Amino acid sequence: MRNVILVSILAVVLAMGAVCAYAGPPVNGIYKSSDGDFNEGREASSWPGTNGFLSPGNVLHALSYPKLGDDWKILCPTVLDTLLIFSTVSAGTGHMSYLLTYTGGYIELGGGGPWAGGDLVYTGVIDKYYETRSMQFVDGTMVGSVSDHSVDAHIVGYPASCVVFGIGNGVWLGSGANPGGAYPDYRDSSCAAGPTNGHWGEIRDLTLTVQGCEVSTERATWGAVKALYRD
Amino acid sequence: MKAVILVLLSVLIAVPAFAGAPVNGTYKSTDIGGLMDPGRYSELWFGGKLSVNNTLNEQSWDGSTLGAQWHWYCPWISAAPTLLVSTVNGSGNGQKIWKVVYVGGYCWLNGPGEPWDGGDAAYTATINTWNAIVTETYASFVEVGTTRNHTASATFVGYNTKCMNLAVSNIEKRGDTNGGPLPANYPDFWNWIGCSDVGTAGPGEWGDVDSITFTIKGCETVSTESISWGAVKALYR
């Protein structure tokens, strides 16, 4: 009887091991949206409360497109600080560039992407996120703006060496109430929907690198499993 | 003799070099819903990427022809770029963000049929400012991708001093001569020394230009007054 119970427990343990949450790490590599490796995306940055453009506290929400979030998601890094890099604006006309430092947030890589290793989705904790934002002003009105995004993250459930990092171009397309539909919604600092004001645009020309990812579940022989239960 | 001079003067007045200033307005590239062509760029290297004297050449690309609509050429890096941020770790992975200042260079715009068409066959402008914010991503100490923001301003030649243009755009690097030759349908390399086309050999890099917002501001056409033959003769009585 004791052996039957032991075998049953072992069978359950082995079955669970075979269907663990982390089926396989993302595949190391360098992936480019411009090469068609994965989709480009869209962003919506909220301006919570009385915030305006480029304010600390603004929350970024970006999703791959056309099927929103299918390939990747950037979930809720929050602007911590802004730094003016340069300004040529005179009498309301010219250019300004800012460096935005974000804090917090997550990324998700869909399990169907070119990095597919077996998991349904890979979640990464953002370690560093920067955006440089360049704007064109005419008579005091911003008429156009572009940006560069930069992210470093580590993947949850795999060794600390398993990291994702990348860059992309952003372009501002509008501000005010969320355009809805084919754009991500506005999020607050807890990453919940709710803010009603912000700006939106696109994120393109992404280069994503997955590196240092290895299998997290160790293979065990039948002999090794039995050894765990020897008296 | 006096009559000949007067006739020549009349002809010169009747055929001015500048028929009409470019039309003021803000124009967007087609990839963000406008009418302006996006483009492609090359940058000639003097010792490597982000080096002093590296020279830019950007040309519109309509899918078949380079430079049919616009051309920015010969701004060059005037001083060592400033490193703003580096997240590159001991394994050589991460990002670098640079500020790069260019000086010099020119802008050429086609005239007829373009959104800014004011009557001239073409418009030229002298670049006043050109700044780039360059973001690189590194894997194992090797640069594997670069994006940029470019901002530029220029003053048109032949019109009032406030007749200017401004541009902001995105850049994606697509390759460099360390990985192979300049592909077809990318702009030739230009050298700021003499501001001339130096062919395809390089060394240098190339890529795409898009998400352009282009503004023309402050341009006025100084009208050429009609003058009668009698009035011309009266000047010499």
- Message: With the structure loaded, tell me whether B:G92 is touching a residue at least 24 places away in the same chain (Cβ under 8 Å) and within 30 Å of A:D127 (Cα to Cα) or whether it fails that test.
- Response: yes
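Within region B:31-72, how many residues are of a type in the set (F, W, Y) and free of Cβ contacts under 8 Å to residues at least 12 places away in the same chain? Before the answer, list the steps.
Initial filter on region B:31-72 (of a type in the set (F, W, Y)): B:41, B:45-46, B:61, B:70, B:72.
Narrowing further to those that are free of Cβ contacts under 8 Å to residues at least 12 places away in the same chain: B:46.
So the count comes out to 1.
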- Note on the structure: Reported set for region B:97-115 where residues are touching a residue at least 40 places away in the same chain (Cβ under 8 Å) and surrounded by 22 or more Cβ atoms within 10 Å (Cβ to Cβ) is B:Y102, B:G105, B:C107, B:L109
- Hits in region B:132-148 - residues which are at the interface with chain A (Cβ under 8 Å from one of its Cβ atoms) and not in a strand (DSSP E or B): B:S140
- Query: In the set B:G180, B:G175, which member is touching a strand residue (DSSP E or B) at 6+ places or on another chain (Cβ under 7 Å), under 30 Å from A:G168 (Cβ atoms), more than 9 Å from chain A (Cβ to nearest Cβ) and surrounded by fewer than 18 Cβ atoms within 10 Å (Cβ to Cβ)?
  - Reply: B:G175
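Is at least one residue of region A:131-144 within 18 Å of the chain's Cα centre (by Cα), among the basic types (K, R) and modelled with pLDDT of 95 or more? Lay out the reasoning, then the answer.
Residues of region A:131-144 within 18 Å of the chain's Cα centre (by Cα): A:131-132.
Still in the list and also among the basic types (K, R): none.
No - not one qualifying residue is present in region A:131-144.
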- Message: Exactly one of these conditions fails for A:N169: (1) surrounded by 24 or more Cβ atoms within 10 Å (Cβ to Cβ); (2) at pLDDT below 95. Give me its number.
- Response: (2)
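Go through region B:102-123 and report how many residues are under 22 Å from B:L44 (Cβ atoms) and touching a Leu at 6+ places or on another chain (Cβ under 8 Å). Steps first, please.
Of all residues in region B:102-123, those under 22 Å from B:L44 (Cβ atoms) come to B:102-108.
If we keep only those that are touching a Leu at 6+ places or on another chain (Cβ under 8 Å) as well, we get B:102, B:105.
Summing the residues that are under 22 Å from B:L44 (Cβ atoms) and touching a Leu at 6+ places or on another chain (Cβ under 8 Å) in region B:102-123 gives 2.
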- When (1) part of a loop (DSSP other than H, G, I, E, B); (2) away from every other protein chain (no Cβ under 13 Å); (3) surrounded by 14 or more Cβ atoms within 10 Å (Cβ to Cβ) are applied to B:S91, the one that fails is (2)
- Can you name the condition, by its number, that B:C195 falls short on among (1) within 14 Å of chain A (Cβ to nearest Cβ); (2) within 18 Å of B:W72 (Cβ to Cβ)? (1)
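Count, please, the residues in region B:129-161 that happen to be among the aliphatic types (A, V, I, L, M) and over 19 Å from B:S51 (Cα atoms). Give the steps one after another, and end with the answer.
Initially, region B:129-161 is screened for residues among the aliphatic types (A, V, I, L, M), giving B:132-134, B:139, B:142, B:144, B:152, B:154, B:157.
Those left that are additionally over 19 Å from B:S51 (Cα atoms): B:139, B:152, B:154, B:157.
So the count comes out to 4.
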- Item | Where B:L6 falls short, out of the listed (1) in contact with a helix residue (DSSP H, G or I) (Cβ under 6 Å, 6 or more places away or on another chain); (2) surrounded by fewer than 16 Cβ atoms within 10 Å (Cβ to Cβ); (3) at pLDDT 95 or above | (3)
- Task: Take region A:159-185 and flag every residue that is more than 23 Å from A:W47 (Cα to Cα) and of a type outside the set (A, V, I, L, M).
- Result: A:P159, A:S161, A:C162, A:F165, A:G166
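Among strands (runs of 3 or more DSSP E) lying entirely in region A:70-174, which contain 1 or more residues that are charged (D, E, K, R) and facing chain B (nearest Cβ under 8 Å)?
Details: elements: A:72-87, A:94-103, A:106-110, A:121-138, A:141-155.
Correct list: A:121-138, A:141-155.
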- If we keep only residues of region B:28-47 that are at the interface with chain A (Cβ under 10 Å from one of its Cβ atoms) and not in a loop (DSSP other than H, G, I, E, B), then the residue surrounded by the fewest Cβ atoms within 10 Å (Cβ to Cβ) is B:D31
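Which of the following residues is touching a His at 6+ places or on another chain (Cβ under 8 Å) and without any contact (Cβ under 8 Å) to a residue 60 or more places away in the chain: A:V121, A:V125, A:V79, A:V138? Before the answer, list the steps.
Details: A:V121 fails: touching a His at 6+ places or on another chain (Cβ under 8 Å); A:V79 fails: touching a His at 6+ places or on another chain (Cβ under 8 Å); A:V138 fails: touching a His at 6+ places or on another chain (Cβ under 8 Å).
Matching residue, one of A:V121, A:V125, A:V79, A:V138: A:V125.
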- Item | Selected residue [surrounded by fewer than 16 Cβ atoms within 10 Å (Cβ to Cβ), part of a strand (DSSP E or B), among the polar types (S, T, N, Q) and within 18 Å of the chain's Cα centre (by Cα)] from B:T129, B:T124, B:T155, B:T151 | B:T124
- Are there any pairs with C-beta distances below 9 angstrom linking a residue in region A:101-116 that is among the acidic types (D, E) to a residue that is buried (at least 20 other Cβ atoms within 10 Å of the Cβ) and in a strand (DSSP E or B), with the two at least 6 apart or on different chains, and if so which? A:E108/A:W72; A:E108/A:K73; A:E108/A:I74; A:E108/A:L75; A:E108/A:Y122; A:E108/A:G124
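Any residue in region B:91-100 that is at pLDDT 95 or above and of a type in the set (S, T, Y)?
Initial filter on region B:91-100 (at pLDDT 95 or above): B:92-100.
Retained after the next criterion (residues that are of a type in the set (S, T, Y)): none.
No, there is no match, as no residue in region B:91-100 is at pLDDT 95 or above and of a type in the set (S, T, Y).
Do we find that A:S190 is more than 14 Å from every other protein chain (Cβ to nearest Cβ), at pLDDT 95 or above and part of a strand (DSSP E or B) in this structure?
Spelling it out, it is not the case that A:S190 is more than 14 Å from every other protein chain (Cβ to nearest Cβ), at pLDDT 95 or above and part of a strand (DSSP E or B).
The values are calculated or read from the model by the stated rules, or taken from the named source; none is laboratory data. All values reported here derive from a predicted model rather than from experimental measurement. Neighbour counts are summed over all protein chains in view; Cβ atoms, including those assigned to glycine, are modelled from backbone coordinates with ideal geometry.
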